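Some notes on the structure that comes next.
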Amino acid sequence: MTVALSGKEIAARLAKQFPGSIIEATGNTILVKADSLPEVAAFLKNAPDLSFDYLVSLTAVDYWDYFEVVYRLTSIPRNHSLVLKVRCQGRANLHLPSVTGLWRGADFQEREVYDLFGIAFDGHPNMKRIFMWEGFQGHPLRRDYL
Amino acid sequence: MEVTEKSGFYVYSDVELDKNEGIQIEALKTASQNSIPDPDRWLDEETQRNILLTSLDAILNWARRSSLWPVVCFPACCAFELIATAASRFDISRFGMEVIRASPRQADVMITAGTLTWKMAPNVRRIYEQMAEPKWVIAMGACAISGGTFAQSYSVVPGYNRIIPVDVYIPGCPPRPEALLHGIRMLHNKIAKQSIKQEAGK
Amino acid sequence: MTGVDIAFWILAVVSVVAAVLVVAVRDVFRAALSLILCLLAAAGIYITLSADFVAAVQVLIYVGAISILIILAVVLTRDVQRGSLTNRLKVPAIIVALLFFGAGAYAVLNTPWQVARKAPIEPTTGALAGRLFGEGGYLLSIEIAAVLLLAAIIGAIVLVREK
Amino acid sequence: MVLKAEPFVVNLGPVHPSTHGVFRLRATLDGEVVVNIEPVIGYLHRGIEKLAEGRTYTQNIPFTDRLDYLASMSNNLAYCLAVEKLAGITVPERGDYLRVIMAELQRLASHLIAVGAFLNDCGAFMTPILYMLREREKILDHFEMVSGQRLTYAYMRIGGVSQDIPEEFLPALGKFVAGMPGYIDEYDGLIKENEIFLARTKGVGILPKDLAINISASGPVLRASGVKWDIRKADPYSVYDRFEFDIPTGTAGDCYDRYRVRVEEMRQSVRILQQAMAQIPKGKVRTEIPLTFRPPVGEAYGHVEAPKGELGFYLVSDGSIAPYRFHCRAPSLINLTALRDMMIGWKVADAIIIFGSIDICMGEVDR
Amino acid sequence: MAIAGPITYYGTLPQVPPDWPGGFWGHWGTFVGIILVFVLTLVMGFIWVERRGIARFQARVGPNRVGPFGLLQPVADAIKVLLKEDIIPASGDKVVHWLAPVVAFVPVLLIFAVVPFWDGALLADLNIGILYVVAVSSLTTIGIFMAGWGSNNKYSLLGAMRAIAQVVSYEIPLVLSLVAVVLLAGSLSLNDIVRAQNIPFILLQPLGFFIFFLAACAEINRTPFDLLEAESEIVAGFHTEYSGMKFALFYLVEYAEAVAISAIIATLFLSGWRGPLLPPFLWFLLKVFAVFFLIFWVRSTIPRLRVDQVMAFAWKFLLPLAFLNLLITGVQVIVWQGVLPWPVIFVNLAIMVVLIVGWSSFFRLGGGRVEV
């Protein structure tokens, strides 16, 4: 059975390591500041007792005021999981750091989020539309796209 | 050469290429907002054939309907009902149709099995145009007829008849193999009523 | 005029036209095809001379193998449709060609040709083999040529081989 | 000295006999060798995620059918699990057993197509896939018996399955399951030791273990690389913890291993089916819930081991009758990430085989 | 063209004068007619047999709607294909594109000129028969390459390149295995070879048959060597851009080549028209059919090789074996002249098994990744 790690405990550890990086922690989830995402992600991946080596999925949700990008992490050797969330305020010209350097599995999924939500990931090697064609107007999965 | 060297391992093609494709897609989208009328002129046409032409027609139509070679165009779900139709249980090879040609030049009938998106539309159009005359189209499944469940979607073409003229429609989501076989038989009947005179007048 | 004569003239015209096309056509691929036609016509001429073995070998070696090598070379060429545009060696090429033509014409005109009145009826292969490998034949030279070719092939492999 | 030809770009697809749908590879070739590839997808992007936001939870079940249309039952199951997690609905035991039976039958059907299509890509002229379609038809008959459909079943419902199985179902399934190991042996015996098949697949398209994890590969692709990771064991859902089965893994991570893993998984599925048929209890098959219901505000992620890998549904609820966000973690899409690493340096013919060995379904890749 | 020896007919046709083609058009006309009819009907028949046969292999029924047992299926296909629109790609080389099917088709027909349907019944009993067959059959490749080139299509070109590489490579083991047959028969004429076969050469030359069959399959691009129209890789290979009548010609070439190779194998290794009871022509047909059956049996069973493996197979496997076979046959012809054939048969069978098993145990169809 995959153990869902407590977000609060991890958040406490992370707050010690990277002060000011955690916004809140509920249940299995920690909400991370966008700027500190790369360090936190690298720590989660490389810390031996966490070793989140497997990025299950990456997606985004449009909450009108902000976009929330959800990283679902699992550790194959330790069989536990954690959800990482990052918020992205505003509706235009959105940017987030890419995690493709850590988990190559994010490659297509970040492109998908870029295509359907319009959040660009800095550091992604090939940031362009994946499902829709170049020149398509708008980002379909935003709530205001009809 | 469209390959450009970027950082290390990742070598991706130019965005220009995609942009050009995007322009083509948009152009096709604006050009095909109305559906193409079905090619059914023969229904109301006066039949005035002489004996020579009729027997020639008979032979020709017999040959054409007896060896309908489908082209590879299997976008989505219906493809697997088409494959099931080609397989042992239903076996379209009985009608001489097992020669599924990968090259559209050599095919006679396009069985459009699946949802068509605007991104795919120029390619399907191109395949249709690459096919040599005479050619027929069977729209298989709800998506092919009208977009089906996905008709309201932002990226789905509501029916193949926006892009290409369709001869036979087979409803179902997906249609059962029996329905596909029935559609093929209907196409046979349609071919049987064709005349080379119409082709000349086309 | 017998059938052989008619055949000869057709073949001769075809081969000359094809040979001219080889040098006149811009498209390198079509030039290669003309060369193949020329070689085939030559094989036809051998047949009219009752040299059927030579004809078959001509088709097998020249049309079947050499021409394919030429086509492979064509594929490696960059600009096939327009051919080579650098013509700096035009004058020396003409001189060399004229020299060759002169030598060939001289040889043809000064050779005492013997014309057989009758076509050989028995198989030509046996006689040919006897001439080549029999008493007073060219066994040694053929063997040497074979060894030379083998060396050339091995050399080519050594050259192309990746380190 | 290295002879290099001028590289040229070939578009494999979007309509190509062996791209399993409308996938396109923009391949740069140096002679026959693939020097660069770029997958281009989106030719079947139907906007399911957007459409689902406008339908009720129950109405969305048919959409999941059309994601991976080769494994509709597994998709139904994953979606229903996610909704049940979101709304806190429990499933009667018989319903759970029926779900497992359907999911495993679906795995058999999907792997039959996967292996058959893979062998077809190897150039075995249609014969293997036609033999495998023969057995797939039998499986489809069983599905038809319970749902009336051949491809898109919508059999599972939130809180169970739509209706109980007819009386003839279990005897028929028993007969089929008894025969299936023989059929698997037949297919495997036909091709397993074929010298050409071995030469074409062994050592081709190697996906190392580390890379497989790093690119988030899942399903047979991950297991063929030697990672013993199966959601059915790692995070058991439904009643999978009551069955005994093994997780077949490969060692080299090449095309041959992926083939072997699929064949072995079919055997394991047969084992699960036998146990499930023996254990299935009597009773209700569905918890009665209204057609339109309002789950509490929150989010849930339900995942299953689908034939192609980890299939997950991430649902966000805002308390209304329709999901606020409907996201599908599609195994096919993510498995494709490895394509570049596996293909570059191989010949065109190998690229086709490697692609076939991943076993994707475009409905799921593009959604 | 010289004709070896007098030709005996079962009809009343006069002898061929040595100064052919100066006179005697009757013989020529008759046999051209016979060959055309023979090839076309056999091609039609074989297409039907193959489609029905493969359908049986694949647990299906096969064409059965058109005419009795679907016998008219090839006829319908032919009429339909011939009357389809003919497309020439705008950017292709039109002359080359137009000529290609002709160049590919003519040599295949020419092969039949030297195939004896029964004793002496052939268009021209050339004393260089086998050499002629090999020479003429190599011409088809040029047609195929022209098709690939003239279409201006990348798939076509890939297919054409494969064709050339493959045919050039397999010509060598093919010819070498033929030489062994020639050594046994003592003649290059196909008719004389059949006459020399008191026992079919497949028994005396099992290894030669093995090599010839594989090399011939590669020459005519049948599975597992059908790389140039590998449908799962390069769409339709060299004839991707062909439609209508020209495609029909390529389709015809494919099967006519199969018929030709079946006929040659039947002549060289299965003692051609010889056989008890049945009339010679029927024996010949039966043997041709048997070989063809083998070819499409392989097609419906075996996966395809990769291009480098095909080349490796020719150069590293078939070629050495062909050399060894030639050497062994040479020794046998000199040493065992006049020995009863039965011991030779068993010795040769044993040699074949030992060589094939031994060689294949240390030869691997390898090939792998290329660093780029």
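The values are calculated or read from the model by the stated rules, or taken from the named source; none is laboratory data. In this text the structure is predicted, and so the values were computed from the model without any measurement. We place every Cβ from the backbone using ideal geometry, glycine too, and count neighbours over all the protein chains shown. In case anyone asks, the SASA skips ligands and DNA or RNA and just uses the protein heavy atoms, side chains included. Shrake-Rupley method; radii C 1.70, N 1.55, O 1.52, S 1.80 Å.
Tabulated results
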| item | result |
| --- | --- |
| Semi-axis lengths (Å, descending) of the ellipsoid that matches the C-alpha gyration tensor of region B:56-200 | 24, 18, 13 |
| Average projection area in nm² (convex hull over Cα atoms of chain D, one quarter of hull surface) | 18.2 nm² |
| FRET E, pair A:S51, A:R143, Förster distance 41 Å, beta-carbon r, rounded to 0.05 | 0.70 |
| Among D:E32, D:E193, D:E49, residue whose mean-square fluctuation peaks in a GNM of chain D (springs only between Cα atoms under 10 Å) | D:E193 |
| Among D:G42, B:V156, E:F212 the positive-end extreme of the charge dipole of the protein assembly as shown (Cβ point charges) | B:V156 |
| FRET efficiency, E:L183 to E:V354 (Cβ-Cβ, R0 22 Å, nearest 0.05) | 0.60 |
| Relative contact order (%) - region A:3-93, alpha-carbon pairs under 8 angstrom, separation at least six | 27 percent |
| Nitroxide proxy distance, nm - points 7 Å out along Cα→Cβ at D:K282 and D:F169 | 1.7 nm |
| Rg ratio (alpha-carbon, reference 2.2 N^0.38 Å) - region E:74-168 | 1.33 |
| Area hidden from solvent between D and A (accessible, protein heavy atoms only, 1.4 Å, total, Å²) | 3400 Å² |
| Length-normalised contact order for chain D - Cα pairs under 8 Å, 6+ apart - percent | 27 percent |
| Å² per residue, accessible surface of region E:84-364 at 1.4 Å | 32 Å² |
| Accessible surface of region D:152-297, 1.4 Å probe, proportion on carbon and sulfur as whole % | 52 percent |
| DSSP loop GluC sites (Glu not before Pro) with at most 14 other Cβ within 10 Å excluded, longest remaining stretch of chain E | E:86-370 |
| Stretch gain in nm, segment C:W9-C:I61, where the contour uses 0.36 nm per residue and the Cα spacing is subtracted | 16.3 nm |
| Loop-located chymotrypsin sites (Phe, Trp or Tyr not before Pro) in region A:61-146, at most 12 other Cβ atoms within 10 Å (DSSP) | A:W64 |
| Estimated dipole of region D:223-345 in Debye, rounded to 20 [Cβ of Lys and Arg +1, of Asp and Glu -1, Cα centre] | 300 debye |
| Within the protein assembly as shown, percent of DSSP bridges classed antiparallel, to nearest 5 | 75 percent |
| Translational D in µm²/s for region D:70-202 (Stokes-Einstein at 20 °C, 1.002 mPa s, Kirkwood Rh from C-alpha pairs) | 132 µm²/s |
| Cα coordinate range in region E:112-195, projected on the principal axes (Å, largest first) | 48, 25, 15 |
| As computed over region D:299-350, the Cα convex hull volume per residue (Å³) | 100 Å³ |
| Chain E, accessible surface, carbon-and-sulfur percent (1.4 angstrom probe) | 76 percent |
| Extent along principal axes [Cα atoms of region A:1-44; Å; largest to smallest] | 32, 18, 17 |
| Average accessible surface area per residue within region D:8-365, 1.4 Å rolling probe, Å² | 25 Å² |
| Spacing of the two label points (7 Å from each Cα toward its C-beta) at E:A196 and A:Y66, in nm | 9.2 nm |
| Region E:84-364 - Rg over Rh from alpha carbon coordinates, Kirkwood radius | 1.00 |
| Computed [θ] at 222 nm, deg cm²/dmol, chain E (DSSP H ≥ 4; -39,500 (n - 2.57); rounded to nearest 500) | -21000 deg cm²/dmol |
| Cα→Cβ-extended label distance, 7 Å offset, between E:F323 and C:T111, nm | 3.6 nm |
| Rounded D (µm²/s) - chain A, Kirkwood Rh over Cα pairs, Stokes-Einstein at 4 °C, 1.567 mPa s | 83 µm²/s |
| Contact order normalised by residue count of chain E, Cα under 8 Å, 6+ apart, percent | 20 percent |
| Charge dipole (debye, nearest 20) of the protein assembly as shown; +1 at Cβ of Lys and Arg, -1 at Cβ of Asp and Glu | 460 debye |
| DSSP-defined antiparallel bridges as percent of all bridges, region B:56-200, nearest 5 | 10 percent |
| Given charges at beta-carbon only (K, R positive; D, E negative), |dipole| of chain A in Debye | 180 debye |
| Shielding by partners - mean other protein chain Cβ count within 10 Å, residues of D:45-56 | 6 |
| Gap separating the Cα centres of region D:223-290 and region D:51-103, nearest whole Å | 18 Å |
| For region E:303-356 versus region E:144-165, the gap between their alpha-carbon centres in whole angstrom | 33 Å |
| Rounded FRET efficiency, nearest 0.05, which uses the C-beta distance separating B:S35 from A:I23 and R0 of 56 Å | 0.60 |
| Whole-angstrom gap from region D:23-50 to region E:222-298, using each part's C-alpha centre | 37 Å |
| Region D:224-330, Rg to Rh (Cα coordinates; Rh as Kirkwood inverse mean 1/r) | 1.07 |
| For region E:294-335, alpha-carbon Rg over 2.2 N^0.38 Å | 1.64 |
| Accessible solvent surface per residue of region A:3-93, calculated while the other protein chains remain in place, 1.4 angstrom probe, Å² | 41 Å² |
| Chains E and C together, accessible area buried on both sides, 1.4 angstrom probe, square angstrom | 2500 Å² |
| Cα-Cα pairs of the protein assembly as shown separated by more than 44 Å (percent) | 46 percent |
| Calculated [θ] (222 nm, deg cm²/dmol) that DSSP helices of n ≥ 4 give over chain D, each run adding -39,500 (n - 2.57) | -14500 deg cm²/dmol |
